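Structure first, commentary second.
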Amino acid sequence: MQTFTAMRSFVLQYPKTIALVTVTGAGLFGVKKWLAGGVCRSKALLDGKTVLITGGNTGIGKETAVDLARRGARVILACRDMDRGNKAADDVRRKSGNDNVIVKKLDLASLQSVRQLAKDVLASEERLDVLINNAGIMRCPKWQTEDGFEMQFGVNHLGHFLLTNCLLDLLKKSAPSRIVTVSSLAHERGQIHFDDIHSEKDYHPWRSYAQSKLANVLFTKELAQRLQGTGVTTYSLHPGVIRTELGRHLWPALPLWKKVVYTPLMFLIKSPTEGAQTTIYCAVEESLQNESGLYYSDCAPKTVAPQALDDEAAKKLWGLSSTMVGLT
């Protein structure tokens, strides 16, 4: 009773404050809902189909796995850390009610690991209906992959480029099938630096990340051309700004004043579930069956940056990537 009386007294004394807080709260909620973006409304089921998700043990990859497992798919989580992968698989099984979730080892920073996973999948799986190139690294220090590639270009593009090509025959055999590659709005700031593809002369974390995300879009575009008539379609997408581990190299590098400014804004950032919606949309939406090579955001097609429309750059990147990963 005393608590109610105190609350009533506060409301009567500070009606404008209460009104301001209420309006502000409602406004922030509305902004958050708007920023959450599109939702995949498809009710498509995936019974009898197999899906492989790279980096499926955390973030939007894991949320994508939960959704597709609920639809009845056999889900393969391709993960670098097997312990974390197995824990994630247990969680996906529990949340989805689908026990047909397995984990396979994949380190995208190692071409040998990529080839080994592809060999394993080809030997053990009769079909592959959806390949989701989801794993990625952002704004890391100047690191190199096992094969000497700049880490962001090597993991975000080259690893997925090789994996996709190694699994193409199985995807064709399983057609209609799909390849979904998670890119980013950052591709708009990207350029493919053919004269310094590994940023050996001048390394900037953001520039390298943007290059790798532009490479994802160009790869999807060229792949669609090469897969015409096969029944395999391909899509790239921007998932949004999301609260995931992808920013683990970004946050520590920020100055204190930026951390203070950005912390309240974390409330407005997409959750992994919200961020997974466009990936899920590209994987299951029936209306995309005859679309290929396009770029999506918030569960809708979006126009890419001009440099992502460059057919010659896409072909040149394909040729360079093939040489770098040792494809004949």
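The values are calculated or read from the model by the stated rules, or taken from the named source; none is laboratory data. Every value quoted in this text rests on a predicted model; they were computed, and no experiment measured them. When we count neighbours, we look across all protein chains shown, and the Cβ atoms used for this are built from the backbone with ideal geometry, even at glycine.
In the set (1) surrounded by 20 or more Cβ atoms within 10 Å (Cβ to Cβ); (2) among the acidic types (Asp, Glu); (3) under 17 Å from the mean Cα position of the chain (by Cα), the condition left unmet by Glu188 is number (1).
Given the condition within 18 Å of Asn165 (Cα to Cα) and in contact with a His (Cβ under 6 Å, 6 or more places away or on another chain), answer yes or no: does some residue in region 121-134 qualify? Within region 121-134 (the criterion being within 18 Å of Asn165 (Cα to Cα) and in contact with a His (Cβ under 6 Å, 6 or more places away or on another chain)), the answer is yes, since at least one residue qualifies. Taken over region 121-166, residues that are in a strand (DSSP E or B) and surrounded by 18 or more Cβ atoms within 10 Å (Cβ to Cβ) amount to 5.
For region 201-217, a residue qualifies if it is of a type in the set (Lys, Arg) and either closer than 20 Å to Leu294 by Cβ or not in a helix (DSSP H, G or I) (or both), and the qualifying residues are Lys201, Lys213. Taken together, the residues in region 218-239 that are assigned to a strand (DSSP E or B) and closer than 16 Å to Gly319 by Cβ amount to 0. Is it true that Gly56 is of a type in the set (Gly, Ala, Ser), modelled with pLDDT under 95 and touching a helix residue (DSSP H, G or I) at 6+ places or on another chain (Cβ under 8 Å)? Answer is yes for this residue.
Looking across region 196-234 at every residue that is touching an Asp or Glu at 6+ places or on another chain (Cβ under 7 Å) and small (Gly, Ala, Ser), the one that is modelled with the highest pLDDT is identified as Ser208.
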